[in-house]
Amino acid sequence: MAQEPLTPSQRPAKKRPTQQFPLWIMYASIAVVFGWLLFLAFWLFYYTSDFSIIQNIAILLFSLVVALIIETLLWVPWSLKAR
């Protein structure tokens, strides 16, 4: 006799190897975000009047890109190892 196929709820769950989550990356990410916000606050209070609106937007976007690059450099190596 043929055995009936298993439904998805009856199939055994595949276990993935668990990897310890790196807390230092999380703390570094939080530090990068707060550092970027601190830079932004100082920039807005002390230096915005010296530049035009277009230059201020460019500096804002450039600082955001730098923060995102730092975040990427923090997280990509861990995510590649976690595969």
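All of the numbers you see were taken from the coordinates with simple rules; none came from a lab. Given the structure is predicted, the values throughout are model-derived calculations rather than measurements. Using ideal geometry, Cβ is built from the backbone for each residue, glycine included, and neighbour counts are taken over all protein chains shown.
By the beta-carbon count within 10 Å of each Cβ, the least crowded to most crowded order of L38, L74, fewest first, is L38, L74. Listed by Cβ neighbour count within 10 Å, with the fewest neighbours leading, F51, F42 appear as F42, F51. Ranked by how many other Cβ atoms sit within 10 Å of their own Cβ, fewest first, the residues F34, F39 fall in the order F34, F39. Quick one: helix 23-46 against the long Cα principal axis of the chain, what's the angle to the nearest 10°, folded into 0 to 90? Between the helix axis and the principal axis of the chain, the angle is about 20 degrees.
Hey, what does the equivalent ellipsoid look like for the chain, semi-axes from the Cα gyration tensor as sqrt of 5 times each eigenvalue, largest first, whole Å? Walk me through the numbers before you get to the answer.
On the way: eigenvalues 475, 48, 21 Å².
They are 49, 16, 10 Å, listed from largest to smallest.
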